[in-house]
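Visitor: Sharing a structure below in structure tokens format, with a few things to ask.
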Amino acid sequence: MISCVLRHQNKAILSTPATIPPRSSHPDFAGTAIYHFLVLDSTNAFAMRLLQKGHPREGTIILAAHQTAGRGQSGRRWYDAPGQNICLTRILYPDIAPQQQFLLNIATAIAVRDTIQAYCPAGTIMIKWPNDVYVGDRKIAGILIQTTIQGQRVTSCAAGIGINVFETDFPEDLPNPTSLRLERRRLTASSHPPALRVPLRKYEVQDTLMLELTARFRQMHHDAESLHEEYHTHLYRRNMPAVFHHDKTTRAGVITGVETDGRLRIRWDNGEQGRYLHGEVELIM
Ligand code: BTN
């Protein structure tokens with residue numbers, strides 16, 4: 001049985017069929033704890049609170065129909081319009097070395113990418129380093145991985161994912177956002193009928209995402225190398241001329257890949273090679 005706790009403003013809501021959003025009873029989620037909130041500050045913040053208080057079951061999922069304080073990367077906010085998008089966090093106990101923790105970003109990013117591809121079959125879906133998911137040059141999903149390290153092990157992880165599903169009006173300050181609905185409209189307009197055969201239902205996209213996450217986290221433990229290769233295959237603007245902000249200047253170069261520790265490899269136009277952590281270089285779009 002899926003255990004479901006439906007809450008609003010942190011009070012449990014009577015679970016009448018009318019208030020429970022449609023959800024799958026997919027057998028793969030048997031035994032998975034799923035917390036489903038109508039409104040929550042942040043699914044990642046809730047996951048971190050669960051982890052501080054106890055030992056939630058591995059694979060626990062936290063979903064919110066709306067977040068009031070959604071967290072993005074580098075301390076930014078993550079915006080979502082109520083009910084329109086997916087805000088999901090999954091709890092894991094990866095038990096890997098801290099030097100390997102970028103694998104969590106890789107596994108999550110591939111799972112999200114493949115999910116988007118399933119509902120946007122003719123789109124070009126790429127992963128922008130370190131782990132944004134793009135359709136063409138538009139951002140459709142973001143990922144926030146928070147880990148706890150004890151000694152020489154990554155003991156727990158809250159893998160947070162935001163996917164824009166139905167949203168069509170975004171705040172003006174977001175650079176180039178898109179959603180599944182907008183991209184499917186584009187595909188339909190350019191006559192790609194397969195996009196229409198799979199209907200767009202949020203709970204189905206969520207189910208696909210959860211299954212993809214399960215598969216990719218498993219793969220992380222037994223075939224990390226091919227996961228890394230796959231990440232490279234889908235890496236946005238790899239081996240293409242690009243321009244970056246770096247050291248307060250603008251430089252031209254080419255992304256040649258990503259190290260296993262997550263550093264971005266760039267070959268600059270003057271022939272120099274460099275490896276950069278998140279925040280040290282920025283690709284100019
Ligand atoms: C980014 O692109 O900056 C990362 C955005 C991550 C957003 C998701 S939504 C679900 C989870 N809960 C949060 O507060 N953030 C992540």
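Visitor: If you line up the long axis of helix 202-222 against the longest principal axis of the chain, both from Cα atoms, how many degrees apart are they, to the nearest 10?
Guide: Orientation of helix 202-222: about 60 degrees from the principal axis.
Visitor: Then there's this: Only Lys, Arg, Asp and Glu count, each charged at its Cβ (+1, +1, -1, -1), so figure out the dipole size of the chain about its Cα centre, rounded to 20 debye.
Guide: Around 520 debye, computed over the chain.
Visitor: Quickly work out the Thr68-to-Ile284 label distance, labels modelled 7 Å from Cα along the C-beta direction, and quote it in nm with one decimal.
Guide: 4.1
Visitor: If I stretch the segment between Val254 and Ala118 completely, what's the gain in nm (0.36 nm per residue apart, minus their alpha carbon distance), one decimal?
Guide: 46.0 nm
Visitor: In a GNM of the chain with a 10 Å cut-off on Cα contacts, which of Val133, Val243, Val39 has the highest mean-square fluctuation?
Guide: In this elastic network of the chain, the residue with the biggest mean-square fluctuation among Val133, Val243, Val39 is Val243.
Visitor: Pulled fully out, how much extra length does the chain show between Asp247 and Gln99, if you take 0.36 nm times their separation in residues and subtract their Cα-Cα distance?
Guide: Full extension from Asp247 to Gln99 adds 50.8 nm.
Visitor: Measure nothing but the geometry: give the 0 to 90° angle between the long axis through the Cα atoms of 224-233 and the longest principal axis through the Cα atoms of the chain, rounded to 10°.
Guide: 70
Visitor: Taking Cα atoms, how many degrees apart are the long axis of helix 102-119 and the longest axis of the chain, rounded to 10 and kept between 0 and 90?
Guide: 70
Visitor: For region 71-135, compute Rh as the Kirkwood radius over C-alpha pairs and then the Stokes-Einstein diffusion coefficient at 37 °C and 0.692 mPa s; write the answer in µm²/s, rounded to an integer.
Guide: Calculated translational D: 239 µm²/s.
Visitor: Moving on to the next point. With every protein chain kept in place and ligands, DNA and RNA left out, what is the accessible area per residue of the chain? Probe 1.4 Å, answer in Å².
Guide: It amounts to 48 Å² per residue over the chain.
Visitor: What number comes out for the charge environment of Pro171, summing +1 per Lys or Arg and -1 per Asp or Glu over other residues with Cβ under 12 Å away?
Guide: Value of the local net charge: -4.
Visitor: Ok, one more. Output wanted: per-residue J couplings in Hz (rounded whole) for region 74-90, from phi through Karplus 6.51 cos²θ - 1.76 cosθ + 1.60, θ = phi - 60°, x for Gly and Pro.
Guide: 6, x, 6, 8, 10, 8, 8, 7, x, x, 8, 10, 9, 10, 9, 10, 10
Visitor: Compare the peptides 100-107, 278-285, 62-69, 224-231 by average per-residue count of other Cβ atoms within 10 angstrom and give them in order, highest first. Walk me through the numbers before you get to the answer.
Guide: Values: 100-107: 22.1, 278-285: 13.9, 62-69: 19.8, 224-231: 15.6.
My ranking of the peptides, most packed first, is 100-107, 62-69, 224-231, 278-285.
Visitor: For region 223-285, what does the alpha-carbon gyration tensor say about shape, rounded, prolate or oblate, given a ≥ b ≥ c as the root eigenvalues, a/c under 1.5 as rounded, and a/b over b/c as prolate?
Guide: Here region 223-285 falls in the prolate category.
Visitor: Let me ask something additional. Taking all pairs of distinct Cα atoms, average 1/r, flip it, and tell me the Kirkwood hydrodynamic radius of region 103-259 in Å to one decimal place.
Guide: 16.9
Visitor: What span do the alpha-carbon atoms of the chain cover on each of the three principal axes, reported in whole Å from largest to smallest?
Guide: Answer, in whole Å and largest first: 65, 54, 34 Å.
Visitor: Sort region 34-151 into rounded, prolate or oblate with this rule: let a ≥ b ≥ c be the square roots of the eigenvalues of the Cα gyration tensor; rounded if a/c is under 1.5, and if a/c is not under 1.5, prolate when a/b is larger than b/c, oblate otherwise. Don't skip to the end; give the middle numbers.
Guide: Values: a/c = 1.82, a/b = 1.21, b/c = 1.50.
Judged from the Cα gyration tensor, region 34-151 comes out oblate (a/c at least 1.5, b/c at or above a/b).
Visitor: Strictly greater than 17 Å: what percent of every Cα pair in region 167-285 meets that? All intermediate terms of the calculation are to be shown ahead of the outcome.
Guide: Details: 4999 of 7021 pairs.
That tail contains 71 percent of the Cα-Cα pairs.
Visitor: Give me the count of lysine pairs in the chain whose alpha carbons sit under 24 angstrom apart, restricted to pairs 8 or more positions apart or on different chains.
Guide: For the chain, qualifying lysine pairs total 6.
Visitor: Hey, another quick one. Got a number for carbon plus sulfur as a percent of the chain's accessible area, 1.4 Å probe?
Guide: Using a 1.4 Å probe with all protein chains present, the chain comes out at 51 percent carbon and sulfur.
Visitor: Round to the nearest 0.05 the FRET efficiency obtained for Ala224 and Gln150 when R0 = 22 Å and r is the Cβ-Cβ distance. Before the final figure, lay out each step's value.
Guide: Details: r = 21 Å, r/R0 = 0.96.
Computed FRET efficiency for Ala224 and Gln150: 0.55.
Visitor: So how much slack lies between Gln52 and Glu172, counting 0.36 nm per residue of separation and subtracting their Cα-Cα distance, in nm?
Guide: Value of the extension gain: 39.6 nm.
The values are calculated or read from the model by the stated rules, or taken from the named source; none is laboratory data. Everything quoted here is computed from the prediction, not taken from an experiment. Note that each Cβ is placed from the backbone with ideal geometry, even for glycine, and that neighbours are counted across all protein chains shown. These area figures cover heavy atoms from the full protein model, side chains too; ligands, DNA and RNA do not enter into them. Shrake-Rupley method; radii C 1.70, N 1.55, O 1.52, S 1.80 Å.
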